[in-house]
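*Asks:* Here it is: the structure, laid out below.
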Amino acid sequence: MTLTKDVLIIGGGISGITVAMELAQLGIHSAIVEKETSLGGLSASFCCKASESCNKCFACVVDKRISELSRYPEISVLTQTEVIGVKGEDGRYSVTLKKRKERFDLRASAIVIATGIDPFNASQKVEYGYGRYKNVITAKELDEMLRFKGLLSRPSDGRPPKTIAFFQCVGSRDESIGNLYCSQVCCAYALRLIKTIRHQYPEVEATFLYMDIQPAGTSFQEFLSSCREDKKIHLIRSLPSKVYHSPLSDKLRVRFIDPEKEEVVEASFDLIVLSVGMVLSKGTQSLTETFGLSLTEDGFIAPPSSHKGLFIAGACSGPKDIDRSILHSKSTAFVVHQFLRGRA
Amino acid sequence: MPRIGILIDTLQGSVPASFQEKLSAYVKEFPEVIVCFKEDDLNSSDAISRINRYVESEGFDRVVILGGSPKDYEISFQKLKLSLPLNPYLFSVANIREQALWISSDEEMALERAKIIISKAIHTVNSTKPIPTQSLTLNPEVLILGGGLIGISIALDLAHAGIRVFIIEKEDRLGGKAQKVFKWLEEKIDEVEKNPKITVLTQARLKRVVGHLGRFEATIECPDRKEITLAASAMVVSTGYASYRERKGIYAHKRVVAIEEMEKIMAEASGPSLLKEGKKIEMVTYLLDEVNEDIKIDSISAIRQSLILQDLLGCQVAVLCKDIKVSSNGMERLYRRAREKGVLFFKYDDPPRLSIVDGQIEVDLKDTSPIQKKERWPVSILSDLVVIGESFGPIPEAEELSKVLKIHLGPRGYFMEDNPQLLRVRSNRKGIFIAGACRFPQEASEALIEARAVSQEIITLLSKGTYPYDLAVAEVDPKKCALCYTCPRLCPHSAITIEKYGDRNVYTTPMTNKEMKWGAAKVDPASCYGCGICVAECPAKAITLQHLTSEQIYAQMNLGE
Amino acid sequence: MIKAEQKPMDEILRYLNPYNKILLSGCGACVTVCHAGGEKEVELLASGLRMARQKMGKRIEILEATPARQCEPEFAIELSEMIEKVEAVLSIACGVGVQTLVRHFPKTPIFPGVNTTFLGETLTHGVWEERCQACGNCVLEKTGGICPISRCAKQLLNGPCGGSSKGKCEIKKEADCAWQLIYDRLKSLNQLYKMEEFIPAKRWGVESRDSGLRRMIREDLKI
Amino acid sequence: MTEFNPKIVAFCCDQSGYPAADMAGALKRKLPKEVEIVRVPCAGRIETIYLIKALERGADGVLIFACYEDNCQFLRGNLRVKGRLSYAHRMMERVGLEKERLEICHLATNQGVRLAEILHQKVEQLKKLGPNPVRQKK
């Protein structure tokens, strides 16, 4: 079996979907290849992070986009499908795909890689105890808990936590684990999570342990001030050095330098949330080998040097939040369209 | 009497057959219902042809589908709108799955609910008129306001795609602020000037805009006060930002310079050291985040400059900021390099104090880095040069421009409020897009991505040459309109103007001139999204939404008279 | 245009108390524009009144009408058929409209449903401000187009009082001093010399309503 | 005496409330018995008179499910309806109806669970308040 499409899009997250929809509006047929059972990727597991008003997390935009996808007959979606190999070059590609046990070829003039990113594997930061302590979770896990269960609870006993600590830069800006880059989205992401939790559970106290706060767009300043004004949100410029399990209670003890007291302190928390950074997934890394693409110093996909019909879209080209992924994908769609026009 | 055909979607077995039997018995109680069929997957692409067959063979003129969420069907019907046998507004979906079966605790309750939903759906199709579709011709002509980095980039993109572009630039040459920073911009400007598809009007000012999507008419004031009128299908606002800083007190000292001036000083430097008034500059202190701590540009420029100063010009550099902003590609690495080269970074909460000591400037601050008391020293830097950040803001013309274009300003005076639904580049008006720093100042690489996204939006809009829209929009009854100006003020999409009504909606007495017109609010149907805000606000009840009248809403409430 | 705002519902309910069937009549002109008495307001008030009376256990039937302009006799007379069917009329037109009804329907009690507030201008949507008091002899030419009668608390004609402070009025702190506005405007128009022109005291008793009911007759127009 | 099942009219914005209601269904969340969902393109379409008439015609509670502030597809719809709500509240106060019978709730597309919770909470609240006092006995 061989399919023929104008464009093959690898990855069915928000970036891949956006590229496909933009191209469809220009009458370009595309196939989205997604390895999971459903579209949406990482961003489809995000919950709405509004408090009294919208905090501009863009999660709702992803949901809307996915529901609009069926509007376009130009887009075919291949879920549970993976790329096995590629033949051809320069705008004449034949890609071998595997859907469960079935193998087939797809011919396309252009290929867009939009595989997105993986969250950093937090167990690499041994000192934070992820994987060892049940109540140390990643921000993504917290996000999914809020979206699908609709409630906040501790994994250990299912009880609602009273105090939560957010550790920033887990897997970002960290030479010790080889990630010498800022993941760019985690500050705003974690603060939005804090804000929505504080709105839904006013009794919860949140501590945000950070290095530098990275701004995120037009209304971030107002958003940040509203966090600073909240008496139950503590923004502390200090990354923790260690997490212990408190033997006498079910709390976790965290050691860090308190910049106010100017000394090492320890504090207890019910739940610890790690703001994990972004890394390129193993799957994408092998994909870059398949397509002969190089990686940037930071380990993301470098923009293909010559326009041979290979394009990248979204966060796999470097850390991006949802709105910037959408913009980047739109701009990629433009380039793809120009490429196809040039060939026609 | 209308002839309604009921189609029951089997929904792949998610609704029990017995339940559907009960519903099909129920719908037969309605006198208008003439037939009732079961079908599979009515939201699939071939469903239309099956519906079509029924319409032809059974002769019904309205369809109610008993199935799942109406959103699924509406979306697939919309895309195939033209091939539908009936006007899409003569279809209605009774969501008996999500809104009845699945949310009810028992089947009896589900049935009750389903019956109500069905009767409402039947009422809806009974009371709706067919709504026609129209289309608008779009010429490939775009007007770009602002010929800076972003305007140039969009203009070239669009011109390559075959679109005629007009650039309106207020200065006497293209390039804007970016021409000081990017040498390669010169080539681009050259390219723009040589491109036959691009017309550049410098020292020009947008004076007036009338019309809507597809037929904007912009009056431009040129340098000799001559006015010209340009027609455009779409517009881009890329007017950039304003940077200025009031220099008072110690900030007016000659040893205090802005980052932009520093760029110039460094460019003029020759040899291994930096001289100011013949004296070697040894200590340079960057003082950032005093204003605009949410904008990354200064932080990035400071790190870039500090590397050169420290490495090539023999200076010792200290960077003072609230937060180091490294959230852009490669910046953390650069920050690291700067520290390795010996650049000192300090973070503060309380503003650092500046004082003049022997012609030099002493900067004192309380460092807030998380270090222990025993390691903490008071920081006092005697500097030869203090480099301060810019103050970024919206351009002074922003407010006037927003009135001319009838687009919104956000709370800080930049264009557009921060609403995710605008996807960053859309404005409140169809056909007007916002790009770059006039929405929010950001670094060039990000702004260029935004610019290209705007190009993509415009290509998508203009590629077909027409813009189809249906008339399921707000419509004003000019005879009831009290001319109160409520709707033009409140229409979020600026789709309503007070105009003279002509041929449509006007009654003419036999002997009067056919040209007779009178003023009333008028909705531009192609620019209207059909949100219904104006309908709800009109004090004279002069506006209706054809596909969702008040009467239909009351029927949906199901409360009786 | 004429501005008005709805009366407190308790007050309306009090004087409608004896009646069980009324006509609620709005007006399609000024009060529609200021969102006080248009067709929509009629519907809203009628609904509110019915609910309130229902709650009091004393149901009321309300007919609704919105003539194009209640202050024109012909439009008012259009309501006759409806008025015959009711015990009283609640008019949410301005005071003029109410009295037009009163003149034409001598046997039916007519009540006002709005307070006619002033002749004013829309500042922004939902904000109105007084601009004219219909004093009968316009001085705007002398005052740079800013009316000291309606905008100065003391209706001073020749400059501000001693209470004008930092451009604000001493009677109403948030209001601009009209004479400050007049000065600023004349200055920007280069017409400050007009400030030196003495404006004689207004002949309230002749031009204005102090001498009693005003009536205007245009002989050329009379039928 | 039969159990009092409060009747709620729930205006659902097509951008948030309605998909959320669908999501509640898809997640098989049970909704209270007497909820009438009214689908509107935007909360801005909901006129004051609909709110008042719903109460006049006997609804025990009226809910508006609108988008969060700054997230309205049509930019201002949710703000406009908030203004109308305050007008309606004023009128209800004069009439002698409890304010709790009319409320606006902000939702996003993906908050089906929250919608179900809000509806159940409202039913409990209305049960305490008792039937709409202006409902006409048939």
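*Asks:* Could you go through the range B:243-258 in sequence order and give the Karplus-derived ³J(HN,Hα) for each residue, using 6.51 cos²θ - 1.76 cosθ + 1.60 with θ = phi - 60°, rounded to whole Hz, and x for Gly and Pro?
*Replies:* 10, 7, 8, 6, 10, 10, x, 5, 5, 8, 4, 5, 8, 10, 10, 8
*Asks:* In square angstrom and rounded to 100, what buried accessible area do you get between chains D and C, total over both, with the probe at 1.4 Å?
*Replies:* Buried surface at the D/C interface: approximately 1600 Å².
*Asks:* Here's a follow-up. What angle do you read, to the nearest 10 degrees and between 0 and 90, between the alpha-carbon axis of helix B:47-58 and the longest principal axis of chain B?
*Replies:* So the helix axis and the longest Cα principal axis differ by about 20 degrees.
*Asks:* Considering all alpha-carbon pairs of chain B, what whole percent are spaced by more than 41 angstrom?
*Replies:* Cα-Cα pairs in chain B separated by more than 41 Å: 46 percent.
*Asks:* May I ask you to evaluate 6.51 cos²θ - 1.76 cosθ + 1.60, the Karplus curve with θ = phi - 60°, for each residue of the range C:34-47 and list the ³J(HN,Hα) values in order in whole Hz, giving x for glycine and proline?
*Replies:* 9, 6, 10, x, x, 4, 5, 5, 4, 5, 5, 5, 4, 5
*Asks:* If you take the beta carbon distance between A:K242 and A:S286 as r and set R0 to 30 Å, what does 1/(1 + (r/R0)^6) give as a FRET efficiency, to the nearest 0.05?
*Replies:* E(calc), rounded to 0.05, equals 0.30.
*Asks:* Using Stokes-Einstein with the Kirkwood hydrodynamic radius over Cα pairs, what translational diffusion coefficient do you get for the protein assembly as shown at 4 °C and a viscosity of 1.567 mPa s, in µm²/s rounded to a whole number?
*Replies:* Using the Kirkwood radius from Cα pairs, D works out to 37 µm²/s.
*Asks:* Straight-line reach from B:K28: which lysines fall under 26 Å, measuring Cα to Cα and dropping same-chain residues less than 8 apart?
*Replies:* B:K38, B:K71, B:K115, B:K120, B:K129, D:K33
*Asks:* Shifting gears a bit: So if I average 1/r over every pair of distinct C-alpha atoms in the range A:199-344 and take the inverse, what Kirkwood radius in Å does that give?
*Replies:* Across the range A:199-344, the inverse of the average 1/r is 19.5 Å.
*Asks:* May I pose another question? Which FRET efficiency value, to the nearest 0.05, is calculated for C:R131 and B:E186 with the Förster distance at 60 angstrom and r the Cβ-Cβ distance?
*Replies:* Efficiency for this residue pair is about 0.60.
*Asks:* Now for a different question. Report, in listed order, any pair from A:K64/D:K128; B:K177/B:K226; A:K140/B:K177; C:K142/C:K166; B:K22/B:K541; A:K330/B:K406 with a Cα-Cα distance greater than 30 Å.
*Replies:* Pairs exceeding 30 Å: A:K64/D:K128; A:K140/B:K177; B:K22/B:K541.
*Asks:* Once R0 is set to 35 Å, what does the formula 1/(1 + (r/R0)^6) return for the Cβ-Cβ distance between A:R228 and A:S76, expressed as a FRET efficiency to the nearest 0.05?
*Replies:* 0.10
*Asks:* Let me ask another. For chain B, which cysteines have no second Cys with its Cβ under 4.7 Å from theirs?
*Replies:* Lone cysteines by the Cβ rule: B:C36, B:C222, B:C315, B:C321, B:C438, B:C481, B:C484, B:C491, B:C528, B:C538.
*Asks:* Please quote Rg/Rh for the range A:153-276 to two decimal places, taking the Kirkwood radius as Rh and restricting both calculations to Cα atoms.
*Replies:* Answer for the range A:153-276: 0.96.
*Asks:* Once the convex hull of the alpha carbons of the range A:3-49 is built, what does its volume come to per residue, in cubic angstrom?
*Replies:* Expressed per residue, the convex hull around the Cα atoms of the range A:3-49 is 76 Å³.
*Asks:* Among all stretches of chain C without exposed GluC sites (Glu not before Pro) (DSSP loop, at most 16 other Cβ atoms within 10 Å), which one is longest?
*Replies:* Maximal segment without exposed cleavage sites: C:1-77.
*Asks:* Just report the Cα centroid separation between the range B:418-456 and the range A:116-171, whole Å.
*Replies:* So the two Cα centres are separated by 34 Å.
*Asks:* To continue, here is another question. With every atom except the alpha carbons ignored, what do you get for Rg and Dmax of the range C:38-162, in angstroms?
*Replies:* Radius of gyration, then largest Cα-Cα span, for the range C:38-162: 19.5, 59 Å.
*Asks:* Name the residue farthest towards the positive end of the dipole of the range C:111-223 from the options C:Q191, C:Q155, C:V206, assuming +1 on Cβ of Lys and Arg, -1 on Cβ of Asp and Glu, about the Cα centre.
*Replies:* Result: C:V206.
*Asks:* Take the Cα coordinates of the range A:70-149, assign each an equal point scatterer, and use the Debye formula without solvent to give log10 I(q)/I(0) at q = 0.11, 0.15, 0.18 Å⁻¹.
*Replies:* -0.58, -0.80, -0.89
*Asks:* Could you give the spread of the C-alpha atoms of the range B:176-263 along their three principal axes, from largest to smallest, in whole angstroms?
*Replies:* 53, 30, 27
*Asks:* A further question follows. If the viscosity is 1.306 mPa s and the temperature 10 °C, what Stokes-Einstein diffusion coefficient in µm²/s follows for the range B:129-227 when Rh is the Kirkwood radius over Cα pairs?
*Replies:* The Stokes-Einstein estimate is 108 µm²/s.
*Asks:* Label-point separation (nm) for B:Y244 and D:E117, each offset 7 Å from Cα along Cα-to-Cβ?
*Replies:* In this crude spin-label approximation the distance works out to 4.9 nm.
*Asks:* Taking every pair of Cα atoms in the range B:198-355, average 1/r, invert it to obtain the Kirkwood radius, and report Rg/Rh to two decimals.
*Replies:* Ratio value, two decimals: 1.14.
*Asks:* Based on the alpha-carbon gyration tensor of the range A:1-94, what equivalent-ellipsoid semi-axes (square roots of 5 times the eigenvalues) come out, in whole Å, largest first?
*Replies:* For the range A:1-94, the semi-axes come out at 29, 14, 11 Å.
*Asks:* Please list the non-local residues whose amide H lies under 5 Å from the amide H of B:I167, H modeled 1.01 Å from N, same-chain partners needing a gap of 5 or more.
*Replies:* B:I144, B:T199, B:V200, B:L201
*Asks:* So the label point goes 7 Å from the Cα of C:E197 along Cα→C-beta, right? Which residues of the range C:103-147 then have their backbone N under 14 Å from it?
*Replies:* What the label zone holds, given the 14 Å backbone N cut-off, is C:138-146.
*Asks:* State, to one decimal in nm, how far the label point of A:N121 lies from the label point of C:S188, with both points 7 Å from Cα in the Cβ direction.
*Replies:* In this crude spin-label approximation the distance works out to 6.9 nm.
*Asks:* With only Lys, Arg, Asp and Glu charged, each at its Cβ (+1 for the first two, -1 for the last two), find how big the charge dipole of the protein assembly as shown is about the Cα centre; round to the nearest 20 debye.
*Replies:* 1520
*Asks:* Using 0.36 nm per residue of separation minus the Cα-Cα distance, give me the extension gain between C:S208 and C:I77 in nm, one decimal.
*Replies:* Length gained, C:S208 through C:I77: 44.1 nm.
*Asks:* Under a point spin-label approximation (7 Å from Cα along Cα-to-Cβ), what is the B:Q372-C:E61 distance to one decimal in nm?
*Replies:* 9.0
*Asks:* When the convex hull of the Cα atoms of chain A is projected onto a plane and the area is averaged over all directions, what value comes out in nm²?
*Replies:* Computed as one quarter of the Cα hull surface, the answer is 18.5 nm².
*Asks:* Write out the GluC sites (Glu not before Pro) in the range A:184-241 meeting two conditions: DSSP loop, and at most 15 other Cβ atoms within 10 Å of their Cβ.
*Replies:* Listed in order of number, the matching sites are A:E203.
*Asks:* In addition: What does the net charge come to around A:V276 if you take all other residues with beta carbon closer than 15 Å to its beta carbon, with K and R at +1 and D and E at -1?
*Replies:* -4
*Asks:* To continue, here is another question. May I ask you to give the solvent-accessible area per residue for the protein assembly as shown, in square angstrom, as obtained with a 1.4 angstrom probe?
*Replies:* With the other protein chains kept in place, the protein assembly as shown gives 43 Å² per residue.
*Asks:* Taking the inverse of the average 1/r across all pairs of different Cα atoms in the range B:214-286, what Kirkwood radius in Å do you get?
*Replies:* Taking the inverse mean of 1/r over all distinct Cα pairs, the range B:214-286 comes out at 17.2 Å.
*Asks:* Run the reach check for A:K149 against aspartates and glutamates, Cα to Cα strictly under 12 Å, same-chain hits fewer than 8 apart removed. What comes back?
*Replies:* A:E141
*Asks:* Rounded to two decimal places and with Rh computed the Kirkwood way over Cα pairs, what is Rg over Rh for the range B:71-175?
*Replies:* Rounded to two decimals, Rg over Rh is 1.35.
*Asks:* Need the list of lysines near B:K373 for cross-linking: C-alpha distance under 17 angstrom, and skip anything on the same chain fewer than eight residues off.
*Replies:* Candidates past the 8-residue exclusion: A:K261, B:K347.
*Asks:* Could you give the size of the charge dipole of chain A about its Cα centre, using +1 on the Cβ of each K and R and -1 on the Cβ of each D and E, expressed in debye and rounded to the nearest 20?
*Replies:* 800
*Asks:* Here's a follow-up. Hey, got the dipole for the range A:85-134? About the Cα centre, +1 on K and R Cβ, -1 on D and E Cβ, debye to the nearest 20?
*Replies:* 360
*Asks:* If you take the alpha carbon radius of gyration of the range B:276-368 and divide it by 2.2 N^0.38 Å, what ratio comes out, to two decimals?
*Replies:* 1.09
*Asks:* Need one number: convex hull volume per residue for chain D, Cα atoms only, in Å³.
*Replies:* 97
*Asks:* Have a look at A:G277, A:T288, A:L224 and report the one farthest towards the positive end of the charge dipole of the range A:194-326, computed about the Cα centre with Cβ charges (Lys/Arg +1, Asp/Glu -1).
*Replies:* After comparing all options, I get A:T288.
*Asks:* Separate question: Between B:I553, A:L23, B:A447, whose Cα lies farthest towards the positive end of the dipole of the protein assembly as shown when Lys and Arg beta carbons carry +1 and Asp and Glu beta carbons carry -1, centred on the Cα centre?
*Replies:* Ranked along the dipole, the leading option is B:I553.
*Asks:* Also, I was wondering about something else. Can you work out ³J(HN,Hα) from phi for every residue in the range B:411-416, in order, using Karplus 6.51 cos²θ - 1.76 cosθ + 1.60 and θ = phi - 60°, giving whole Hz and x for Gly and Pro?
*Replies:* x, 9, x, 7, 5, 6
*Asks:* For the range A:139-191, what is one quarter of the convex hull surface built on the Cα atoms, given in nm²?
*Replies:* Mean orientational projected area (the range A:139-191, Cα hull): 4.6 nm².
*Asks:* Select from the range A:21-50 all residues whose loss of accessible area on going from the chain by itself to the full protein assembly reaches 50 Å² or more (probe 1.4 Å).
*Replies:* Buried-area filter returns A:Q25, A:L26, A:C48.
*Asks:* When the Kirkwood radius is taken over all Cα pairs of the range A:287-338, what Stokes-Einstein diffusion coefficient follows at 20 °C and 1.002 mPa s, in µm²/s?
*Replies:* Estimated via Stokes-Einstein, D reaches 186 µm²/s.
*Asks:* How far is the Cα center of the range B:193-224 from the Cα center of the range B:84-111, in Å?
*Replies:* 51
*Asks:* Also: Could you give the angle, 0 to 90 degrees to the nearest 10, between helix B:149-160's Cα long axis and the longest principal axis of the Cα atoms of chain B?
*Replies:* Approximately 50 degrees, to the nearest ten.
*Asks:* Further, regarding this structure: Quick check for you: which residues of the range B:366-406 have the amide N under 13 Å from the point 7 Å beyond the Cα of A:E263 toward its beta carbon?
*Replies:* In the range B:366-406, the label zone of A:E263 (backbone N under 13 Å from the point 7 Å along Cα→Cβ) covers B:372-375.
The values are calculated or read from the model by the stated rules, or taken from the named source; none is laboratory data. Everything quoted here is computed from the prediction, not taken from an experiment. Every residue, glycine as well, gets a Cβ built from its backbone with ideal geometry; the counts of neighbours run over all protein chains shown. Please note that ligands, DNA and RNA were not included when accessible areas were found on the heavy atoms of the full protein model with its side chains. Shrake-Rupley method; radii C 1.70, N 1.55, O 1.52, S 1.80 Å.
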